[in-house]
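One structure below.
Here, each number is a calculation from the coordinates, and none is a lab measurement. In this text, all values refer to a predicted model and were calculated from it rather than measured experimentally. With ideal geometry, Cβ positions are generated from the backbone for all residues, glycine too; neighbour counts draw on all protein chains shown.
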């Protein structure tokens, strides 16, 4: 058929044959459960499924995928999803004529969150040449390129094309002449933004199953995910769970509500959270998916019929805190084993006496004297209790330690201790409901209080000097979860609930007390402080997500303080929060507001090109005199060469 001869749009035949081309990219070479779930659900509606893998699969992954796809194509990771689709079309050749419709889709969505049947039945009845699951409305400004307008387009994560279109020369020429795609922007600008216009402009008829216009947004898959699910859309895009949280905040996108809607539709959200935990920076995921729980009556209590084997591991340096810690541990809704670590035999004797005099429904009790207090509670946990954590004897471990923080003063130290204990082990009902979370969520790896901010300058600074060492250690341990930019999601104070399995990457490592560098090395940048920030990332690598937990009475204190502080900090910069942040990041580090700092900020904001050329000159660690000397040398060199 020539390009000028376009067959009329038709309905999908009652006995029609459908091909699904599903593109996969996994930087670990694996195939995750959410992919298999999607493919198995598509099987009912597809006569053939071709999985195109950008990259190389492990043998195990290939075997898993073979159970869900009829054919697997592994290729170099080039051209993104578009390159993979073109490779599949070339691979098919004339065999494409065996099908009445091909669906070009990929692994950027979770689903089905509702059965596919309804949307296939509806779109089957429509006389069309091609259709998409969702679309994007036109915009006066193109945010991708920064220039011109953004055209109306179909979102390329799901486009179905019927025989009357894919058998034309126009279709073949489109793929033959598709420009090189080497970046994500290329994929959007050179394919997604032009595909719909190219074919409708040639006379073909296309339609979106779910139009963004119906939701009064430009991009319903990003800005209205819950509404889409409620209207029967079978797919939930992954982007709302890894996009920049302040931008989603601007548009009131509540990822938690979308996940709840998916769960109500029957989707096993634990496989989505497992994928996200492995591939999204934990603090971003915590914000986007709303993974903080204010533990209250809406949380079901612990079910004794599905009992968890619990061990409390407490490092006690201040033995006068023993009774307080035992009282907290006794809020457990059932028997628990207790292991106490301490630095010396005399403390151990006093602790044993105090425990013996304390009531409670404890099981086995053990007080261990660790070989060294270097690393404090971190080394006591990972070295002194390594055998316990690797034993498979327990489903849950509660890590505690006798926290006083005397160096920060009475008020600050007392608040930090209470912030930990109140949110972890507030009372019987609270602790019961926390354990209930672990009973209901098999993929929940850790639960711990939110980042401390009252009494400490952690906001915007919680990595401190630990990030470089964290990156090196993560590489050694095989942790490939993306790192958060400003502050990590971490159990500050180093107390938490955890599944021992979620901590395996940390526990299996053969730590030595000497690794911690002695008592004088207990500071930012030292191993103990690095490890304090690592549990969520280590758990995420294994597919376990983390939740922050807070008691209602502490939430009232924390939220009001946080609300006021952010309000004050935002008062001098106009716009929405994401615009304020963009502006401040463009300025760079404010420092003390000295003349040198203001000059650096002015140059970054107004002459960034010059800053790049003079990066060494603009080093904030240089004195003004060094700047002048450096500038003079550069000018002298230029004159000499001119």
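Below is a table of values for the structure above.
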| read-out | value |
| --- | --- |
| Using a Förster distance of 41 Å, the FRET efficiency for residue 411-residue 257 (Cβ separation, nearest 0.05) | 0.60 |
| Using alpha-carbon coordinates, inclination of helix 33-42 to the longest axis of the chain, degrees | 30 |
| Shape of segment 226-323, Cα gyration tensor, a/c cut at 1.5 | prolate |
| Cα centroid separation, segment 25-83 to segment 570-592 (Å) | 43 |
| Isotropic mean projected area of the C-alpha convex hull, segment 294-550 (nm²) | 12.9 |
| Residues 311, 284 arranged by fewest to most Cβ contacts within 10 Å | 284, 311 |
| Calculated percent of Cα pairs over 44 Å apart (choose from [x] 39; [y] 34; [z] 29), label | [y] |
| Contour minus Cα-Cα distance for residue 523 and residue 207 (0.36 nm per residue) | 107.8 nm |
| DSSP bridge pairs, segment 294-550: antiparallel proportion in percent, nearest 5 | 20 |
| Residue-span extension gain [residue 249 to residue 387] - 0.36 nm each, minus C-alpha spacing | 45.3 nm |
| Gained length - residue 572 relative to residue 117, 0.36 nm times residue gap less alpha-carbon distance | 158.5 nm |
| With Cα atoms, 0 to 90° folded angle of helix 624-641 axis to the chain main axis | 40 |
| For segment 467-571: relative contact order, % (alpha-carbon pairs under 8 angstrom, 6 or more apart) | 34 |
| Whole-number percent relative contact order across the chain, with pairs defined as alpha carbons under 8 Å at least 6 apart | 12 |
| Label-point gap, in nm, between residue 230 and residue 172 - each point 7 angstrom along Cα→Cβ | 4.8 |
| Spatial separation of Cα centroids for segment 191-248 and segment 355-383, in angstrom | 54 |
| Per-pair calculated FRET efficiency, R0 = 51 Å: residue 429 and residue 74 via Cβ, rounded to 0.05 | 0.45 |
| Length-normalised contact order of segment 1-131 in % [C-alpha pairs under 8 Å, at least 6 apart] | 38 |
| Projected label distance in nm at residue 365 and residue 441, using a 7 Å step from Cα toward the beta-carbon | 3.3 |
| Pairwise label distance in nanometres, residue 509 with residue 327, each label 7 Å out on the Cα-Cβ vector | 3.7 |
| Over the chain: helical MRE at 222 nm, DSSP H runs n ≥ 4 each giving -39500 (n - 2.57), nearest 500 | -11500 deg cm²/dmol |
| Alpha-carbon centroids, segment 441-476 and segment 278-335: separation in whole Å | 17 |
| Acute angle (nearest 10 degrees) that the helix 467-477 long axis makes with the longest principal axis of the chain, alpha-carbon atoms | 80 |
| Modelled FRET efficiency - R0 45 Å, residue 557 with residue 477, Cβ distances, 0.05 increments | 0.80 |
